[in-house]
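J.: Below is one structure. I have some questions about it.
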Protein chains: 2
Amino acid sequence: MTKKAPKPHLTTLPLDSIIGGDSIEALNSLPEASIDMIFADPPYNLQLSGELHRPNNSRVDGVDNDWDKFADFATYDRFTVDWLKAARRVLKDDGSLWVIGSYHNIFRVGAKLQDLGYWMLNDVIWRKTNPMPNFRGRRFTNAHETMIWCAKSAESRYQFNYEAMKTLNDDLQMRSDWLMPICSGSERLKGEDGVKSHPTQKPEALLYRILMAATKPGDVVLDPFFGSGTTGAVAKKLGRHYIGIERDPNYIKVARARISKVQPVPEKEMLQITSKREEPRIPFGWLIERGLLEPGTVLTSTNGRFTAKVRADGTLISSDHRGSIHQVGAAVQGAPACNGWQFWCVPREGQLIPIDYYRQQLRAELH
Amino acid sequence: MTKKAPKPHLTTLPLDSIIGGDSIEALNSLPEASIDMIFADPPYNLQLSGELHRPNNSRVDGVDNDWDKFADFATYDRFTVDWLKAARRVLKDDGSLWVIGSYHNIFRVGAKLQDLGYWMLNDVIWRKTNPMPNFRGRRFTNAHETMIWCAKSAESRYQFNYEAMKTLNDDLQMRSDWLMPICSGSERLKGEDGVKSHPTQKPEALLYRILMAATKPGDVVLDPFFGSGTTGAVAKKLGRHYIGIERDPNYIKVARARISKVQPVPEKEMLQITSKREEPRIPFGWLIERGLLEPGTVLTSTNGRFTAKVRADGTLISSDHRGSIHQVGAAVQGAPACNGWQFWCVPREGQLIPIDYYRQQLRAELH
DNA sequence: GAAGACGCTGAATCAGCGC
DNA sequence: TGCGCTGATTCAGCGTCTT
């Protein structure tokens, strides 16, 4: 067996390409803290596949006694820790990691994630509309797979496109259980012989939702077990950069051909993420400076129970309190916090108009 | 602190009772290989810090009990290994174990299960119809919990009532994802002050399905973290024996009072286990799980000429036939087929209400 | 009395920037 | 890094009160 020497660390990322070879070695060749998101579909534990490989590509022997089972769990755990560590090094501090697995391996992966300092954000259940039935009638139909979404650390300011997810779900918060079909039909890659090109090709819809949820256009997405390249195909389509790592030359070939046919969404604007959090901040005082509100204007709370006057410096004054729109709103209610923009209103034509209305007006003017 | 001396091993099981004290000590006091099934709802190690407020400024009443606090992962792992080992000793060779948890703890529990030689059969997802939203909009709604079902070993000939699960699910294989509401309303135990008696009371429908799937009448079911006693209540109802272990004297009191009020399904035969497109499909068995129909209820045919009794697994039994609502409906009429939903009725206030009425009710609840 | 409004609550690892 | 300020954020079900 030929074993490549460890690659030197690259100084620039090999964007939109597939690195051939061992996942851990390839990860170690990349610059640290350079990747925005990692999606990983690692090999499952041996008990089903019988095809567990050690990091050095040697195959783990089949097993049928307790001692070996333990040895194999330990081997799998070492492999898991190795790639999770290597992945964590290349991940940006505010990056996040997704891992998918089944009950054979996902519990071991999840425990090691936590041990290494990753911070779990959600476990997400992919519910399959069309799972394989349980033929022997000895268990429940295994109708789902589990994904773990985690940040590099508890302090990480990870990307989450809350509004996009909510919109995707008919204006209800997106839940942790996702209903999707398995990859089949024309989406399933097949060779000329009609045989499926990869045994565990993931549906593009799954990656679509993941990338829409946790990345922004231009981000770099890495997949250390690239397989048939679903991650790359969807990343290209959605205007994200991808880096794939794959050991099997045939899978690389299949994935390259596949991705080359992908048409990116043509208009950049279609990919933009709208988020209230990212809109430019408008201080309350600006409304007064710009004449949208006059000093001395009496504001009324949404429920009509409280009033306060606008002062020239952008603070409010009520009978008992003075301070920012938020502080006075909280104080009059005796609440720990308050969004003054939504709480305070101006009476106009018999209605109460939240001052947020004026902010939106100003925001539009300021482009 | 007074610490009880280790109890000697009992030679007979304390059936249908609650053992006060530490889970591991109590497990160690029981005879080995004596338990048919264990259901465990261990502390989740939530690691909550600070307070969380809803958008309307009300405070979320989170779990902050001492029993959920662990110093670190290693401490939690030791605790997990200890109780899993003790549980495995008392489990019969052909017995099985269920554990429920969330992403905070379930991956650690799952990994330790495998390390100790338990053999995973399924991970089962409880999808909540009505989870708490994510108030800050920083994650997906945490809308599920995970259960692991495992046998004592890979060689175990565990109990699985495949046919019962299939009939409970309208003659389709039961999947690994279960849709059920959280425990609320009148089922939720409250003190005289109206405060919930236990922070994490599980719904009876969940235990109903578990016990129907993996035990038979007369089996002994053990719950080492008994809490408010849901396991005991459902076990008593379904003619299974229970043994609870609980440390908190107040929870024991609550559980005892609760279980004393439970009426077991009166006729043994009702417990025996035999081996549409646009609207969501509601299996007949769900009406029973959810308490809309009780096992033993007598159904009458629309024309009043036939009767049949409801059994706990969702089958009917008439004088000459047994099977699904459709099968028995067809058989008593000598017809080739029958829509049991329209054919079978419940007498109520002098009228015959088709069981379809209950289906519609449940459908509305489940959205 | 019925229908609708309103309030409360559930195993929750729940913010981000600037000084 | 620590502190203080700004300001973003909820779904389904049940019970009670009002119209």
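The values are calculated or read from the model by the stated rules, or taken from the named source; none is laboratory data. Computed from a prediction, not measured in an experiment: that's the story for all the values here. All Cβ positions, even for glycine, are placed from backbone atoms using ideal geometry, and neighbour counts span all protein chains on display.
J.: Scan B:THR215, B:THR200 and give me the residue that is more than 14 Å from every other protein chain (Cβ to nearest Cβ) and surrounded by 21 or more Cβ atoms within 10 Å (Cβ to Cβ).
T.: Of B:THR215, B:THR200, the one residue that is more than 14 Å from every other protein chain (Cβ to nearest Cβ) and surrounded by 21 or more Cβ atoms within 10 Å (Cβ to Cβ) is B:THR215.
J.: Could you please find all residues in region B:81-107 being at the interface with chain A (Cβ under 10 Å from one of its Cβ atoms) and either among the acidic types (Asp, Glu) or surrounded by 24 or more Cβ atoms within 10 Å (Cβ to Cβ) (or both)?
T.: Within region B:81-107, B:ASN105, B:ILE106, B:PHE107 qualify.
J.: Here is a check on your reading of the model: is A:TYR118 modelled with pLDDT of 95 or more, more than 10 Å from every other protein chain (Cβ to nearest Cβ), crowded, with 20+ Cβ neighbours inside 10 Å and in contact with a strand residue (DSSP E or B) (Cβ under 8 Å, 6 or more places away or on another chain)?
T.: When the stated conditions are applied, A:TYR118 passes them.
J.: Of the residues B:ASP64, B:ASP93, B:ASP22, which is more than 21 Å from the chain's Cα centre (by Cα) and within 30 Å of A:LEU116 (Cα to Cα)?
T.: The unique qualifying residue is B:ASP64.
J.: For region B:64-115, which positions are modelled with pLDDT of 95 or more, among the polar types (S, T, N, Q) and closer than 26 Å to B:ILE182 by Cα?
T.: Listed by number, the residues that qualify are B:THR80, B:SER96, B:SER102, B:ASN105.
J.: Can you find a residue in region B:342-360 that is exposed (fewer than 15 other Cβ atoms within 10 Å of the Cβ) and within 16 Å of DNA strand D (Cβ to nearest atom)?
T.: Looking through region B:342-360, at least one residue is exposed (fewer than 15 other Cβ atoms within 10 Å of the Cβ) and within 16 Å of DNA strand D (Cβ to nearest atom).
J.: Residues that are within 16 Å of DNA strand D (Cβ to nearest atom): find the strands (runs of 3 or more DSSP E) completely inside region A:136-238 holding 3 or more of those.
T.: Answer list for region A:136-238: A:177-180.
J.: Please tell me if B:ALA111 is hydrophobic (A, V, I, L, M, F, W, C), within 13 Å of DNA strand C (Cβ to nearest atom) and within 8 Å of another protein chain (Cβ to nearest Cβ).
T.: It is false that B:ALA111 is hydrophobic (A, V, I, L, M, F, W, C), within 13 Å of DNA strand C (Cβ to nearest atom) and within 8 Å of another protein chain (Cβ to nearest Cβ).
J.: Restricted to region A:255-287, and to residues that are of a type in the set (Asp, Glu) and within 16 Å of DNA strand C (Cβ to nearest atom), which residue is farthest from A:LEU189 (Cα to Cα)?
T.: A:GLU279
J.: Kindly provide the set of residues from region B:127-144 that are among the charged types (D, E, K, R), surrounded by fewer than 18 Cβ atoms within 10 Å (Cβ to Cβ) and more than 7 Å from chain A (Cβ to nearest Cβ), ordered by number.
T.: B:ARG136
J.: Follow-up. Go through (1) in a loop (DSSP other than H, G, I, E, B); (2) surrounded by fewer than 19 Cβ atoms within 10 Å (Cβ to Cβ); (3) among the polar types (S, T, N, Q) and name the single condition B:THR75 misses.
T.: (1)
J.: Is region B:20-39 home to any residue that is more than 30 Å from A:GLY334 (Cα to Cα), in contact with a His (Cβ under 7 Å, 6 or more places away or on another chain) and among the small types (Gly, Ala, Ser)?
T.: Yes.
J.: How many residues are part of a loop (DSSP other than H, G, I, E, B) and within 14 Å of chain B (Cβ to nearest Cβ) when one looks only at region A:310-363?
T.: Number satisfying all stated conditions: 6.
J.: Would you pick out the residues in region A:262-292 that are more than 14 Å from DNA strand D (Cβ to nearest atom) and either within 30 Å of A:GLY323 (Cα to Cα) or of a type outside the set (D, E, K, R) (or both)?
T.: Passing the criteria: A:VAL262, A:GLN263, A:PRO264, A:VAL265, A:PRO266, A:MET270, A:LEU271, A:GLN272, A:GLU289, A:ARG290, A:GLY291, A:LEU292.
J.: For A:MET180, which of the numbered conditions (1) at pLDDT 95 or above; (2) within 17 Å of A:ILE100 (Cβ to Cβ); (3) within 14 Å of chain B (Cβ to nearest Cβ) fails to hold?
T.: Against the list (1) at pLDDT 95 or above; (2) within 17 Å of A:ILE100 (Cβ to Cβ); (3) within 14 Å of chain B (Cβ to nearest Cβ), A:MET180 comes up short only on (1).
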